[in-house]
Amino acid sequence: MEFKRNIIITGGAGFIGSHVVRLFVNKYPEYRIINLDKLTYAGNLANLKDVEDKENYAFVKADICDYETVKELMEKYNIDGIIHLAAESHVDRSIKDPFTFARTNVIGTLTLLQAAKEYWESLPEGYEGKRFYHISTDEVYGALELTNPEGIESPFTTKASSEHHHAYGTEFFTEETKYNPHSPYSASKASSDHFVRAFHDTYGMPTIVTNCSNNYGPYQFPEKLIPLFINNIRHRKPLPVYGKGENVRDWLYVEDHARAIDLIFHKGKIADTYNIGGFNEWKNIDIIKVVIKTVDRLLGRKEGEDMDLITYVTDRKGHDMRYAIDSRKLQRELGWEPSLQFEEGIEKTVRWYLDNQAWMDNVTSGDYQMYYDEMYKNR
Ligand code: NAD
Ligand code: TYD
């Protein structure tokens, strides 16, 4: 079968990648989607059970650092688009093992860029109709100050903004904000963003970079705050809150990120950057309380009875205080609007994890459990 487009999505077996693959496979039967993933601890084909038999979907187990394999794949499938999500993504792991982050996030991205360059430059039409779309994070911008610890009414909103609707400072990350990464994770992502832009500026590759805020939703690996805490509350295990729990993150439902990626892949301006976020800031401790109440209610426990699981532990090294994305450019230029308000999104998310205990049990067994015990043995 001839496909209209042939697209590689890297990291498609991970959290956000699986939502992007699902969206593209279902929405565009005329596209062939090749999911290229190494299946690290964070990659799980169970995340894609519902699309694995579709004719326009193929899975290839490969490392993005493997130049020959990536190049062969591009030739074999006549690839005209790459949506690049594969990465090491957890800040705490990057603090313990920065080299793995440099390898996958920096060398892996460079390997993909170079393979795409060699392949696309060998074609008669060159870069015409091609696209290299790199998914990045707001963490590359560094940290904002918590100038309003009690919260002020946020000057901006989207449909994703919570009813509580606070901003904890007056500054936001815009596309012009200077890069200032602090963690090995964000430093590796910043470096990969620079390589992507350099391939546009040097070779004319049609690239796009987007920087998104914290995602939440189904299929997130339970080392990240929300799924980890949902699982711990269910099993009445302590909830390790770093520092005072006052750090602020800006949360977006994962399917709204996937919809933004779809829109930007098709309509975004080449060589441009878009920030993606829902103007939905939360202090960790407040979000934790909402999660506890929601889990308790859905499990038929007394709402709030698990508050005593909250356990303040040693702070993360170099813990960024506040992230807050200004996504007005994306709204203005491409008309993106998130679909789900935070209160609805959290309810849906907690329900999903409680209904999918088998998924959770599977990913919290074996290797991961060993890692988890090592990571938290002193807490
Ligand atoms: P994740 O850790 O859940 O998934 C990463 C995926 O990449 C996994 O399937 C893993 O197997 C794969 N992978 C890792 N190393 C690989 C390699 N060397 N070769 C091939 N595949 C490899 O990550 P996520 O949370 O879904 O994040 C996806 C992307 O979005 C990342 O680039 C991340 O920086 C970015 N991002 C994440 C968030 C967030 O809140 N999770 C926010 C903004 C941006
Ligand atoms: P995380 O989900 O790791 O995302 P990121 O560090 O990329 O923002 O963490 C979200 C916030 O929650 C962050 O401020 C660190 C904090 N946190 C805890 O307090 N305890 C935990 O066990 C985890 C995993 C995170």
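Confirm whether A42 is within 16 Å of ligand 2 (Cβ to nearest atom) and under 21 Å from the mean Cα position of the chain (by Cα). Working first, answer last.
Details: within 16 Å of ligand 2 (Cβ to nearest atom): yes; under 21 Å from the mean Cα position of the chain (by Cα): yes.
Yes, satisfied.
Which one is farthest from ligand 2 (Cβ to nearest atom) among residues in segment 216-233 that are within 19 Å of W282 (Cα to Cα) and in contact with a Gly (Cβ under 8 Å, 6 or more places away or on another chain)?
G217
Within segment 86-108, can you find the residues that are in contact with a helix residue (DSSP H, G or I) (Cβ under 7 Å, 6 or more places away or on another chain), over 18 Å from K317 (Cβ atoms) and more than 15 Å from ligand 2 (Cβ to nearest atom)?
Once the filter is applied, which keeps residues that are in contact with a helix residue (DSSP H, G or I) (Cβ under 7 Å, 6 or more places away or on another chain), over 18 Å from K317 (Cβ atoms) and more than 15 Å from ligand 2 (Cβ to nearest atom), segment 86-108 yields A86, V106.
What residue, of S154, S213, is among the polar types (S, T, N, Q) and within 16 Å of ligand 1 (Cβ to nearest atom)? Working first, answer last.
Working: S154 fails: within 16 Å of ligand 1 (Cβ to nearest atom).
Being among the polar types (S, T, N, Q) and within 16 Å of ligand 1 (Cβ to nearest atom) holds for just one of S154, S213, which is S213.
For segment 199-215, give me each residue that is among the polar types (S, T, N, Q) and part of a strand (DSSP E or B). Walk me through how you get there before you give the answer.
Taking segment 199-215 and keeping what is among the polar types (S, T, N, Q), we get 202, 207, 210-211, 213-215.
Across segment 199-215, the qualifying residues are T207, T210, N211, N214, N215.
Looking at the structure I just gave you, is T158 assigned to a loop (DSSP other than H, G, I, E, B), buried (at least 18 other Cβ atoms within 10 Å of the Cβ) and away from ligand 2 (no atom under 15 Å from the Cβ)?
Details: assigned to a loop (DSSP other than H, G, I, E, B): yes; buried (at least 18 other Cβ atoms within 10 Å of the Cβ): yes; away from ligand 2 (no atom under 15 Å from the Cβ): yes.
For T158, the condition - assigned to a loop (DSSP other than H, G, I, E, B), buried (at least 18 other Cβ atoms within 10 Å of the Cβ) and away from ligand 2 (no atom under 15 Å from the Cβ) - is met.
For A102, work out the one condition from (1) under 21 Å from A13 (Cβ atoms); (2) under 20 Å from the mean Cα position of the chain (by Cα) it doesn't fulfil.
(1)
Pull out all pairs, ordered by first then second residue, where Cβ-Cβ is under 7 Å, the residues are six or more apart or on different chains, the first lies in segment 57-85 and is free of Cβ contacts under 8 Å to residues at least 40 places away in the same chain, and the second is among the hydroxyl-bearing types (S, T, Y) and part of a helix (DSSP H, G or I).
Note: pairs meeting the criteria are A62/T69.
Would you be able to say whether some residue in segment 141-151 is more than 19 Å from N284 (Cα to Cα) and either modelled with pLDDT of 95 or more or touching a strand residue (DSSP E or B) at 6+ places or on another chain (Cβ under 6 Å) (or both)? Full working, then the answer.
Kept after step one, since they are more than 19 Å from N284 (Cα to Cα), are these residues of segment 141-151: 141.
Remaining after also requiring either modelled with pLDDT of 95 or more or touching a strand residue (DSSP E or B) at 6+ places or on another chain (Cβ under 6 Å) (or both): 141.
Within segment 141-151 (the criterion being more than 19 Å from N284 (Cα to Cα) and either modelled with pLDDT of 95 or more or touching a strand residue (DSSP E or B) at 6+ places or on another chain (Cβ under 6 Å) (or both)), the answer is yes, since at least one residue qualifies.
Give the residue, chosen from K317, K348, K329, that is in a helix (DSSP H, G or I), touching a residue at least 40 places away in the same chain (Cβ under 8 Å), charged (D, E, K, R) and under 28 Å from A190 (Cβ atoms). Spell out how you get there, then give the answer.
Working: K317 fails: in a helix (DSSP H, G or I); K348 fails: under 28 Å from A190 (Cβ atoms).
Criteria check complete, one pass: K329.
Looking at (1) within 23 Å of the chain's Cα centre (by Cα); (2) more than 16 Å from ligand 2 (Cβ to nearest atom), which is the one condition that is false for T137?
(2)
Would you check if there is a residue in segment 155-172 being over 17 Å from the mean Cα position of the chain (by Cα), closer than 30 Å to E75 by Cβ and aromatic (F, W, Y)?
Checked segment 155-172: no residue is over 17 Å from the mean Cα position of the chain (by Cα), closer than 30 Å to E75 by Cβ and aromatic (F, W, Y).
Would you confirm whether or not segment 194-207 contains a residue that is surrounded by 22 or more Cβ atoms within 10 Å (Cβ to Cβ), touching a residue at least 40 places away in the same chain (Cβ under 8 Å) and small (G, A, S)?
So far as segment 194-207 goes, no, none of its residues is surrounded by 22 or more Cβ atoms within 10 Å (Cβ to Cβ), touching a residue at least 40 places away in the same chain (Cβ under 8 Å) and small (G, A, S).
Of the conditions (1) within 16 Å of ligand 1 (Cβ to nearest atom); (2) of a type outside the set (S, T, Y); (3) not in a helix (DSSP H, G or I), E139 clears all except one; give me its number.
If we test E139 against (1) within 16 Å of ligand 1 (Cβ to nearest atom); (2) of a type outside the set (S, T, Y); (3) not in a helix (DSSP H, G or I), just (3) comes out false.
For segment 303-334, name all the residues that are away from ligand 1 (no atom under 16 Å from the Cβ) and of a type in the set (D, E, K, R).
Answer for segment 303-334, where residues must be away from ligand 1 (no atom under 16 Å from the Cβ) and of a type in the set (D, E, K, R): E303, E305, D306, D308, D315, K317, R328, K329, R332, E333.
Name the residues in segment 4-27 that are touching a Phe, Trp or Tyr at 6+ places or on another chain (Cβ under 8 Å) and outside any helix (DSSP H, G or I), would you?
From segment 4-27, those touching a Phe, Trp or Tyr at 6+ places or on another chain (Cβ under 8 Å) are 4-9, 12-15, 18-19, 21, 24-25; that's our starting set.
Those that are touching a Phe, Trp or Tyr at 6+ places or on another chain (Cβ under 8 Å) and outside any helix (DSSP H, G or I): K4, R5, N6, I7, I8, I9, G12, A13, G14.
The values are calculated or read from the model by the stated rules, or taken from the named source; none is laboratory data. It should be emphasised that the depicted structure is a prediction, and the values quoted were computed from it without experimental measurement. Note: ideal-geometry Cβ built from the backbone for every residue, glycine included; neighbour counts use all protein chains shown.
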